[in-house]
Amino acid sequence: MFDYDSELARYHERLRKALDIRPGDRVLDIGCGTGQTTRDAARVASPGTALGIDVSGPMLARAHQQAEAEGLRNVSFVQADAQAHAFPPEHFSLGVSRFGTMFFSDPIAAFANIGRALRPGARFVQLVWQAADRQEWHTAIRAALSRGYAPSTSTEAAVDPFTLADPDVVVGHLTAAGFTAVDVADVREPVYYGPDADRAHAAVLQLLMAKELVTGLDPASAKSALDRLRSTLETHDTGKGVWFDSRAWLVTARRR
């Protein structure tokens, strides 16, 4: 399983500071993955609670294991689609998402459903990716594996991580869903793929993007693609890990 927590460590710190969680908060974490944000929220919110929701069973299994290992009793997880899940109405005092809201089939419906779960005036804080051409991790890896920048495949389009890259679209969706005071701030941090090129190579090949670009290649073409990928990763090996530049939006809003 790809280690998104390590990849996004710099962004995690930026999000943590922006959340301003208070003791007693009830935190809802959308697209929680393996639950790092949820668990961190639970620790700070105690004696409040944190609930993480995600569609991935394997990621949630890891989240449960980690919460149990850390002895957290005020955190819980549910496997469901936040777009349609029946959350308790007006229950949560804070909503959060670390790159987990870009994949909804109907973003306005999803944000409206999340909004109904939040108390009036509650904050909703998200990180979402800016456009693909502002993501060195995206362009460099695709270029290496495809001899140049290749357009997204139809399969990737179904899980497009850049659907909220336009700030006007983000503001429009949230406003239509019942949020107010929407603010979109530019955030730029590097993302991490491993302590060295060898381990970064193994990590990148766990990504859907990389798998799809390599699948179907004949053996010689696949070897060339993987050699180019290794060269790209070696170029980005700083001696303190393999890092790629990236840009995101920190989006804050309030439930009316």
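Among the numbered conditions (1) under 23 Å from the mean Cα position of the chain (by Cα); (2) buried (at least 18 other Cβ atoms within 10 Å of the Cβ); (3) part of a helix (DSSP H, G or I), the only one that residue 232 does not meet is (1).
Does the stretch 23-42 include one or more residues that are closer than 21 Å to residue 247 by Cα, of a type in the set (Lys, Arg) and either out of contact with any Lys or Arg (no Cβ under 8 Å at 6 or more places or on another chain) or in contact (Cβ under 8 Å) with a residue 60 or more places away in the chain (or both)? Among the residues of the stretch 23-42, not one is closer than 21 Å to residue 247 by Cα, of a type in the set (Lys, Arg) and either out of contact with any Lys or Arg (no Cβ under 8 Å at 6 or more places or on another chain) or in contact (Cβ under 8 Å) with a residue 60 or more places away in the chain (or both), which makes the answer no. Just so you know, in the stretch 105-124 the residues that are surrounded by 20 or more Cβ atoms within 10 Å (Cβ to Cβ) and either among the small types (Gly, Ala, Ser) or in contact with a Cys (Cβ under 8 Å, 6 or more places away or on another chain) (or both) include one that is farthest from residue 184 (Cα to Cα), and it is 117. Residues of the stretch 1-38 that are surrounded by 23 or more Cβ atoms within 10 Å (Cβ to Cβ) and assigned to a helix (DSSP H, G or I): 37, 38. Within the stretch 74-101, the set of residues being closer than 25 Å to residue 189 by Cβ and polar (S, T, N, Q) comprises 97, 101. Can you give me the number of residues within the stretch 209-228 that are within 23 Å of the chain's Cα centre (by Cα) and surrounded by 14 or more Cβ atoms within 10 Å (Cβ to Cβ)? Of the residues in the stretch 209-228, 4 are within 23 Å of the chain's Cα centre (by Cα) and surrounded by 14 or more Cβ atoms within 10 Å (Cβ to Cβ). Only one of the numbered conditions (1) surrounded by fewer than 20 Cβ atoms within 10 Å (Cβ to Cβ); (2) within 23 Å of residue 255 (Cβ to Cβ) is violated by residue 69, and that is (2).
None of the figures in this text is laboratory data; all of them are computed from the coordinates on show. This is a predicted model, so every value here is computed, not measured. Cβ coordinates were reconstructed from backbone atoms using ideal geometry, including for glycine residues, and neighbour counts include every protein chain displayed.
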